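Peer 1: Questions regarding the structure given below will be posed in turn.
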Number of protein chains: 2
Amino acid sequence: MAETCIENPDYLVVNGIPSSKYKHEIELENCFEPQHENSALLILNQEIKMPKLFMKLWNRYMIKVCADGAANKLYQFCVNNNVNHNDYLPDYIVGDLDSIDENIAQFYKEKGVYVIKQTTQYSTDFKKSINLITCHFYATNFKDHLQSSNEDSNYGISLEKGIHDIYATIKNVAELPKLNVLALGGIDGRFDQTIHSITQLYTLTNTDPYIRMFFLTENDLIFIIPPDGVLLRYDAEFRKACIGNCGLLPVGLPTEIIETIGLKWDVANWPTSIESGRVSSSNRFSGHDKCYINVKDGMIINVEIKKDVVANYV
Amino acid sequence: MAETCIENPDYLVVNGIPSSKYKHEIELENCFEPQHENSALLILNQEIKMPKLFMKLWNRYMIKVCADGAANKLYQFCVNNNVNHNDYLPDYIVGDLDSIDENIAQFYKEKGVYVIKQTTQYSTDFKKSINLITCHFYATNFKDHLQSSNEDSNYGISLEKGIHDIYATIKNVAELPKLNVLALGGIDGRFDQTIHSITQLYTLTNTDPYIRMFFLTENDLIFIIPPDGVLLRYDAEFRKACIGNCGLLPVGLPTEIIETIGLKWDVANWPTSIESGRVSSSNRFSGHDKCYINVKDGMIINVEIKKDVVANYV
């Protein structure tokens, strides 16, 4: 079919999209308030920004995990913002522990945080954290395991890759209940690390389809739009107050945007690739409280979040 | 042929790579001191960081161009660092001029800076700047053109897309002399803008092969490794003092790393894609003063630059 691109008004009521058109629904504010579902805040090794928002998110996520040196950043965050460390104790610190400060590791251990060493170099701190989060929620007896042992023995978890081994015992991964993970950091540092984070959005879709993964930066929310149609919902007031531009980015591979409904520039049958430079960037949501996106292969979306207002709003 | 991946020692003398193996040579320090060749410093609309390095680069590039609102950032840079605006006057400011502060535009106009408006929305400020840079060096009579007219008439340049029209008159673009462009900003802001910058590395390879484009961020140098073999040279002392990790990133499309010589982890016949998560990140240069990279399709490389030492070194 012929490709099309139309410019919509800035405000558009999007209604009557039949549920047969989409296999996925994503609720944008869910990132800021993951109600009724399992959820984890994953802190990666970058300075923690947007303190007011961070403090709100902290209390809304069921568990908090620091990937290795991220614990240093959390500690420093408390110092910089003059808040009590006891109010910001993560549930877990995990990684090869080559970047966490020894004194800070000791400090958190004494406060009862599970500091779990995993030495394998065939897996990143990011992946170790993700598997740990899954084990926490879905590995039978994982918590018993932690309680029956102590940190001197690495909680009975094999030092090399015990977390991955426990993860491997979980059955029917595809059918696990939804698990929301919001990652802070991971983008905007060294560029190969940024791209590594983006690869995780793609690979988790295959290996851990129950995980709904978002990255939050100072500028954007970044996540994956899987194929088979996505209905993306947001509160109308939230859109007006907090959302800026967006981009639909073929980072993984050249592909096609089959149809969008509710963007400022809606396209259909639109081939897109980085190599050709044909990319829908500097777009935005026109849809009043939702929009519809259907892509042939998974694509990355970034949704600009106005950092100065979002903490007051959510 | 079978894929391989070997771990090298941290230091490796790479010699005897026959020139028949590579079509391209890239000299890394050239970014910091582009001698004997045409060169332009392109300032994009983000805060100017690493002031000491910026001041050195300023004097080494033949022309300086601000893309629209980048002029605000340059002005602010002078204020913040207590330096004289007269020592940091760009040659050109170009764009649709929707983000430059009116007073700042007026200030630079009065100082004799060419402030050129280009209203077309079918081209970004980045692309307008790139074409302007090419016109400056290679469009016959472009400078005469500027001198025979004044800013009230937009220097006789059609307001909509005059720069693109003049650019279109340049003949034999493929054979123009090399032109080094170092862009500051463009990465680490809104993620769709980051990806837009990356697309430019791919598209310029086709449309303007004479341009050697680099992005400099607070963390990395980012550029493209084109196919047909690249010999990447650097000063041995510079590597030790200033270079950290690197990544070879298949951002545009799944492809294959045919061969590398002189990386910490050298690979051959190695399929790579974002979607599969199989990406050579957190790698580094083992080669004493050079390494060799041969890829099937253009790939993005990032080379970590230690920002605290580089300004003293270059």
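Peer 1: Can you name the condition, by its number, that B:Ser123 falls short on among (1) exposed (fewer than 14 other Cβ atoms within 10 Å of the Cβ); (2) within 22 Å of the chain's Cα centre (by Cα); (3) in a loop (DSSP other than H, G, I, E, B)?
Peer 2: Single failed check for B:Ser123: (1).
Peer 1: Looking only at segment A:269-294, count every residue that is open to solvent by 20 Å² or more (accessible area, probe 1.4 Å), assigned to a strand (DSSP E or B) and under 19 Å from A:Pro18 (Cα atoms) and tell me the total.
Peer 2: Here the count works out to 2.
Peer 1: Continuing with this model, one more query. Considering B:Asp188, B:Asp266, which residue is crowded, with 21+ Cβ neighbours inside 10 Å, charged (D, E, K, R) and within 14 Å of chain A (Cβ to nearest Cβ)?
Peer 2: Only one candidate qualifies: B:Asp188.
Peer 1: If you don't mind, there's one more thing I want to ask. Identify, from the list B:Ile93, B:Ile104, B:Ile100, the residue that is in contact with a helix residue (DSSP H, G or I) (Cβ under 7 Å, 6 or more places away or on another chain), assigned to a helix (DSSP H, G or I) and without any contact (Cβ under 8 Å) to a residue 60 or more places away in the chain.
Peer 2: Answer to the check: B:Ile104.
Peer 1: What is the residue count in segment A:220-231 for residues that are over 10 Å from the mean Cα position of the chain (by Cα) and either assigned to a loop (DSSP other than H, G, I, E, B) or not β-branched (Val, Ile, Thr) (or both)?
Peer 2: Number of matching residues: 6.
Peer 1: I'd like to verify a number: residues in segment B:226-249 that are closer than 28 Å to B:Ser276 by Cα, out of contact with any helix residue (DSSP H, G or I) (no Cβ under 9 Å at 6 or more places or on another chain) and either open to solvent by 20 Å² or more (accessible area, probe 1.4 Å) or within 12 Å of chain A (Cβ to nearest Cβ) (or both), how many?
Peer 2: 3
Peer 1: Wholly within segment A:1-65, which strands (runs of 3 or more DSSP E) include no fewer than the required count, namely at least 1 residues that are assigned by the TED database to the domain that holds A:Pro271 and polar (S, T, N, Q)?
Peer 2: Result: A:4-7.
Peer 1: Give segment B:297-314 a look and list any residue that's within 14 Å of chain A (Cβ to nearest Cβ) and either in a helix (DSSP H, G or I) or surrounded by fewer than 17 Cβ atoms within 10 Å (Cβ to Cβ) (or both), or say none.
Peer 2: B:Asp297, B:Lys306, B:Lys307
Peer 1: Can you confirm whether B:Pro9 is more than 22 Å from B:Phe126 (Cα to Cα), open to solvent by 40 Å² or more (accessible area, probe 1.4 Å) and in contact (Cβ under 8 Å) with a residue 12 or more places away in the chain?
Peer 2: Yes, satisfied.
Peer 1: Give the residue, chosen from A:Ile104, A:Ile93, A:Ile116, A:Ile100, that is out of contact with any Phe, Trp or Tyr (no Cβ under 7 Å at 6 or more places or on another chain) and either within 23 Å of A:Thr134 (Cβ to Cβ) or crowded, with 18+ Cβ neighbours inside 10 Å (or both).
Peer 2: Only one candidate qualifies: A:Ile100.
Peer 1: Residues A:Asn45, A:Asn30: which one is buried (at least 21 other Cβ atoms within 10 Å of the Cβ) and in contact (Cβ under 8 Å) with a residue 60 or more places away in the chain?
Peer 2: Exactly one residue qualifies, and that residue is A:Asn45.
Peer 1: Somewhere in segment A:248-265, is a residue assigned to a strand (DSSP E or B) and under 20 Å from the mean Cα position of the chain (by Cα)?
Peer 2: Among the residues of segment A:248-265, at least one is assigned to a strand (DSSP E or B) and under 20 Å from the mean Cα position of the chain (by Cα), which makes the answer yes.
Per-residue answers, yes or no, for (1) over 30 Å from A:Asn219 (Cβ atoms); (2) among the polar types (S, T, N, Q):
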site	(1), (2)
B:Glu3	yes, no
B:Ile17	yes, no
B:Tyr22	yes, no
B:Asn38	yes, yes
B:Gln76	no, yes
B:Asn84	yes, yes
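Peer 1: Turning to a different aspect of this structure: Kindly provide the set of residues from segment A:201-219 that are in a helix (DSSP H, G or I), more than 7 Å from chain B (Cβ to nearest Cβ) and either in contact with a strand residue (DSSP E or B) (Cβ under 9 Å, 6 or more places away or on another chain) or touching a residue at least 12 places away in the same chain (Cβ under 8 Å) (or both), ordered by number.
Peer 2: Correct list: A:Leu201, A:Leu204, A:Thr205, A:Thr207.
Residue-wise test of (1) under 26 Å from B:Ile198 (Cβ atoms); (2) open to solvent by 40 Å² or more (accessible area, probe 1.4 Å); (3) at pLDDT 90 or above.
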position: B:Lys143; (1), (2), (3): no, yes, no
position: B:Leu146; (1), (2), (3): no, no, no
position: B:Ile163; (1), (2), (3): yes, no, yes
position: B:Ala174; (1), (2), (3): yes, yes, no
position: B:Asn180; (1), (2), (3): yes, no, yes
position: B:Leu184; (1), (2), (3): yes, no, yes
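The values are calculated or read from the model by the stated rules, or taken from the named source; none is laboratory data. Note that the structure is predicted; figures quoted are calculated from it, not measured. Counting neighbours? That spans all protein chains shown, and the Cβs are built from the backbone with ideal geometry, glycine included. Side chains included, ligands, DNA and RNA excluded: accessible areas come from the protein's heavy atoms. Shrake-Rupley method; radii C 1.70, N 1.55, O 1.52, S 1.80 Å.
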